[in-house]
Every structure is written in C-alpha cells, then in structure tokens.
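Input: a single structure, listed below in structure tokens.
The values are calculated or read from the model by the stated rules, or taken from the named source; none is laboratory data. Everything quoted here is computed from the prediction, not taken from an experiment. Glycine also receives a Cβ, built like all others from the backbone with ideal geometry; neighbour counts cover every protein chain displayed.
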Amino acid sequence: MDNKSGKRARSYKDLEIYRESFDLAMEMHELSLRFPKFETFEEGSQLRRSSKGIPACIAEGWGRRYYKNEFVKFLIYALASCDETKVHLDFVAGCKYITKEQHEDYIKRYETLGKKINKYMRYVERSYLNPREKMTTDSAIGDILAPDGLGDD
C-alpha cells in the first residue's frame, strides 16, 4: 500500500487517516484541559475519549487487516467516533468554551477526516484479497490496501 508520500505503509502509523486523527485527538486533549474545572471530567472527558477513539480504531483495524470484515468494522467504528466528536464539539461551542470560528474549523477538519476514512474504507472493501487469493499471489498485505490521501468525494 502506498501512502501520500508514495511509500508503502508498513504500519497503521504510516496511514494519513491515522496521523490526522492522532493530531486532532491531541488538539482536542489540549483544548479540553482549558475548559472550566468542573467540565474537565464531564464534557472534556467525552471529547477526549471520542477523539482518541478514532486513531485507536484505525490502529486496531490495521491489526485485524487480514480479515476484511474485521478491518472494515473498525474503520466504521472510527467513522462513528468522528461523528461523535463533532457532537461533543457542538456541545462545547454551545457552552461557549470555544469560539464560533474554532468550532467551524474543528467541524470542517473532522468532516474532511470522515470523508477520508470513508473513502479508505470503500477502497479496502473493493480491493481486498481474501485469504485464498493472498496465498496464490506474491502480494504483501500492504499491496492490497488503499493508498492513503485519496482525497474528498
């Protein structure tokens, strides 16, 4: 599999969707620590957990990549966590913990990430070789997965 830089992905850490989701999760972590103290363990915790769930599901799916249905299932979970994070951002904006501009920026970035995860998931579904096909080809698992950074639909 090739990632955006043209190199074959050998780890989930090579996937653009993983790197972007990890970076966003770190931003959400830092952002949530600036909420009022009583929200650190309420909405802040929910925001941290949903945002961190995205790269975690991508990594777990990668670990199960030899089983198409399992891989796709965890990409679906990542996509669901992406949507959940947008809901928590809506709550945070409603409570005035972030500005309207910050909210719009984060929502746009999560929507873009969701599109990339969805496109990657469709590629995996379309391009996946079942175990018997793998046994009869010289392809490594990296060859049958999507190139990263496929762009938006």
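Tabulated data for the structure shown
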quantity	calculated
Some residue of the stretch 2-9 being assigned to a helix (DSSP H, G or I) and either more than 17 Å from the chain's Cα centre (by Cα) or under 28 Å from Val124 (Cα atoms) (or both)	no
Residues located in the stretch 10-30, provided they are surrounded by fewer than 20 Cβ atoms within 10 Å (Cβ to Cβ) and closer than 14 Å to Leu89 by Cα	Glu27, His29, Glu30
Residue identified as more than 17 Å from Tyr18 (Cα to Cα), in contact (Cβ under 8 Å) with a residue 24 or more places away in the chain and touching a helix residue (DSSP H, G or I) at 6+ places or on another chain (Cβ under 8 Å) among Ile76, Ile58, Ile98, Ile117	Ile98
Any hit, the stretch 44-57, residues being modelled with pLDDT of 95 or more, more than 17 Å from Phe91 (Cα to Cα) and of a type in the set (Gly, Ala, Ser)	yes
Hits in the stretch 97-108 - residues which are surrounded by 16 or more Cβ atoms within 10 Å (Cβ to Cβ) and assigned to a helix (DSSP H, G or I)	His103, Tyr106
Checklist (1) charged (D, E, K, R); (2) in contact (Cβ under 8 Å) with a residue 24 or more places away in the chain; (3) farther than 18 Å from Arg10 by Cα applied to Lys68, failing item	(3)
Qualifying residue in the stretch 78-95 (condition: modelled with pLDDT of 95 or more and outside any helix (DSSP H, G or I))	yes
Residue within the stretch 33-42 that is in contact (Cβ under 8 Å) with a residue 12 or more places away in the chain and buried (at least 22 other Cβ atoms within 10 Å of the Cβ) present	no
Residue within the stretch 17-24 that is within 22 Å of Thr112 (Cα to Cα), over 9 Å from the mean Cα position of the chain (by Cα) and without any contact (Cβ under 8 Å) to a residue 24 or more places away in the chain present	yes
